[in-house]
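> One structure is given below, represented as structure tokens, and several questions about it will come after.
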Amino acid sequence: MAASSFDSILVLVCGLPAAGKTTLVKQLVDNGNNESRLYERISFDDLYDQMAAADEDCKPSEFDPDKWKASQQAMVLHVTTRLEQQSASIRENGTTQQLVLLVDDNFQYRSLRKRFFHLAVQLNCGFAVLYVNVGADICRERNKARGMNRNEDVRVPDEVFQRMAEVFEAPNGDQNPWDVSTRELHDTSTGNGLDIEGSMNTLIKLAECELKRRRCLQFERLNEEAQQCRDRLATQQNVLHLVDLGLRQWVSAKLHDETALPSGMTKAHLASQLNQRRKKILALIKGSPSDIADLLDDKSIEEVVVSLVERFGQQE
């Protein structure tokens, strides 16, 4: 199944604090929607602030690692819920607006981006990264200005900013498959809507192409698994047929051996007994395909057939 313009696209908006991510995302949400596309925003900072506000002992300016982890989990849940809602809306209501879900966070570790890529794979939607690549010095000055403008709620403590700048792992599509569909923006301060719209169009096309490739690979993998299943079934049927032939030959030889006929038993009675046993063992083999598969792991078909026929003969 190819990617279509109705497929949801999950876009991670990453970069250092004060790079301009939130301003950019809000601009897209406020001005970028049209009949065919719907931008929505999920913000890590909003989720973190909500948890901090609910905790009377938490100081807004202090970083709480436990709340950070809880907020990350909440963000995954919010993203999953919204994408599932959109998929249901497409199936049930014929929704024709493409959802572009913008997840606003720093995503300083590649592992954080990887988690959401796997989520996109699981939910069968597009995935991309919008990297707001603004230098650390510029971001540091902007972050300081937030404090001078009495905007301490959004200012990142200096030590946290420094640590984040040191550990930040920029998207690298050559090394990480989840970073392949990445678009960089180096300056969001100009407010050029046309540039942003063009960048988003390019990014979404990248995501749709990646989704198409992913679905093609999945289709090929399913076809390969189906062919392997058919091959196994054909092999099992072949083994069953050869065992049946071997058992018939064994029964025929037994009936021609006068010394094998029990005292007081007619040849017809013996033939009936042996054929009932033959049918029973064939039914057991047919009902246990995994047993045949196990035998074929280290034996040829001919060896398996001989082994099963000999086992039949030993059960007299």
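The values are calculated or read from the model by the stated rules, or taken from the named source; none is laboratory data. Source: prediction; values computed, not measured. Heads up, the Cβs are rebuilt from the backbone with ideal geometry, glycines too, and the neighbour counts pull from every protein chain shown.
> Go through the range 77-103 and give me each residue that's more than 14 Å from Asn124 (Cα to Cα) and either part of a helix (DSSP H, G or I) or of a type in the set (Asp, Glu) (or both).
Leu77, His78, Ser89, Glu92, Asn93
> Continuing with this model, one more query. Assess whether Ala253 counts as being assigned to a helix (DSSP H, G or I), at pLDDT below 95 and closer than 29 Å to Gln276 by Cβ.
On the way: assigned to a helix (DSSP H, G or I): yes; at pLDDT below 95: yes; closer than 29 Å to Gln276 by Cβ: yes.
It is true that Ala253 is assigned to a helix (DSSP H, G or I), at pLDDT below 95 and closer than 29 Å to Gln276 by Cβ.
> Within the range 119-131, track down each residue that is under 19 Å from the mean Cα position of the chain (by Cα) and in contact (Cβ under 8 Å) with a residue 12 or more places away in the chain. Spell out the reasoning first.
Applying the first criterion (under 19 Å from the mean Cα position of the chain (by Cα)) to the range 119-131 yields 119-129.
Of everything in the range 119-131, those that are under 19 Å from the mean Cα position of the chain (by Cα) and in contact (Cβ under 8 Å) with a residue 12 or more places away in the chain turn out to be Leu119, Ala120, Val121, Leu123, Asn124, Cys125, Gly126, Phe127, Ala128, Val129.
Residue by residue, here is whether (1) outside the structural domain of Leu282 (by TED's automatic domain parsing); (2) in a helix (DSSP H, G or I); (3) in contact with a Leu (Cβ under 8 Å, 6 or more places away or on another chain); (4) of a type in the set (A, V, I, L, M) holds:
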{"site": "Met164", "(1), (2), (3), (4)": "yes, yes, yes, yes"}
{"site": "Gln175", "(1), (2), (3), (4)": "yes, no, no, no"}
{"site": "Leu203", "(1), (2), (3), (4)": "yes, yes, yes, yes"}
{"site": "Arg230", "(1), (2), (3), (4)": "no, yes, no, no"}
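> Considering (1) under 30 Å from Arg232 (Cα atoms); (2) assigned to a helix (DSSP H, G or I), say which one Thr259 fails and leave the rest.
(1)
To keep it simple, each residue is scored yes or no on (1) assigned to a loop (DSSP other than H, G, I, E, B); (2) at pLDDT 95 or above.
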| residue | (1), (2) |
| --- | --- |
| Glu35 | yes, no |
| Tyr48 | no, no |
| Met75 | no, yes |
| Asn106 | yes, yes |
| Phe116 | no, yes |
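> Scan Leu12, Leu47 and give me the residue that is surrounded by 15 or more Cβ atoms within 10 Å (Cβ to Cβ) and touching a Ser or Thr at 6+ places or on another chain (Cβ under 6 Å).
Among Leu12, Leu47, only Leu47 is surrounded by 15 or more Cβ atoms within 10 Å (Cβ to Cβ) and touching a Ser or Thr at 6+ places or on another chain (Cβ under 6 Å).
> Only one of Leu203, Leu247, Leu240 is touching a strand residue (DSSP E or B) at 6+ places or on another chain (Cβ under 7 Å) and surrounded by 14 or more Cβ atoms within 10 Å (Cβ to Cβ). Can you tell me which?
Numbers: Leu247 fails: touching a strand residue (DSSP E or B) at 6+ places or on another chain (Cβ under 7 Å); Leu240 fails: touching a strand residue (DSSP E or B) at 6+ places or on another chain (Cβ under 7 Å).
Going through Leu203, Leu247, Leu240 in turn, the sole match is Leu203.
> Continuing with this model, one more query. Among the residues of the range 285-309, count how many are loosely packed, with under 12 Cβ neighbours inside 10 Å, modelled with pLDDT of 85 or more and part of a helix (DSSP H, G or I).
1
> Across the range 217-232, what is the number of residues that are touching a residue at least 12 places away in the same chain (Cβ under 8 Å) and not charged (D, E, K, R)?
At the first step, the residues of the range 217-232 found to be touching a residue at least 12 places away in the same chain (Cβ under 8 Å) are 219, 232.
Checking which are not charged (D, E, K, R) leaves us with 219.
Looking only at that region, the number is 1.
> Being over 17 Å from Phe63 (Cβ atoms) and at pLDDT 95 or above is the filter; apply it to the range 145-172 and report the residue that is surrounded by the most Cβ atoms within 10 Å (Cβ to Cβ).
Of all residues in the range 145-172, those over 17 Å from Phe63 (Cβ atoms) come to 145, 148-151, 169-172.
Applying the additional criterion that residues be at pLDDT 95 or above yields 169-172.
On the way: Glu169: 16, Ala170: 14, Pro171: 23, Asn172: 11.
Only one residue tops the list, namely Pro171.
> Any chance the range 257-280 includes a residue that's hydrophobic (A, V, I, L, M, F, W, C), surrounded by 16 or more Cβ atoms within 10 Å (Cβ to Cβ) and touching a Gly at 6+ places or on another chain (Cβ under 7 Å)? Let's see the steps before the verdict.
Quick first cut of the range 257-280, residues hydrophobic (A, V, I, L, M, F, W, C) only: 260-261, 265, 268, 270-271, 274.
Within this subset, residues satisfying the condition of being surrounded by 16 or more Cβ atoms within 10 Å (Cβ to Cβ) are 270, 274.
Remaining after also requiring touching a Gly at 6+ places or on another chain (Cβ under 7 Å): none.
Taking every residue of the range 257-280 in turn, none turns out to be hydrophobic (A, V, I, L, M, F, W, C), surrounded by 16 or more Cβ atoms within 10 Å (Cβ to Cβ) and touching a Gly at 6+ places or on another chain (Cβ under 7 Å).
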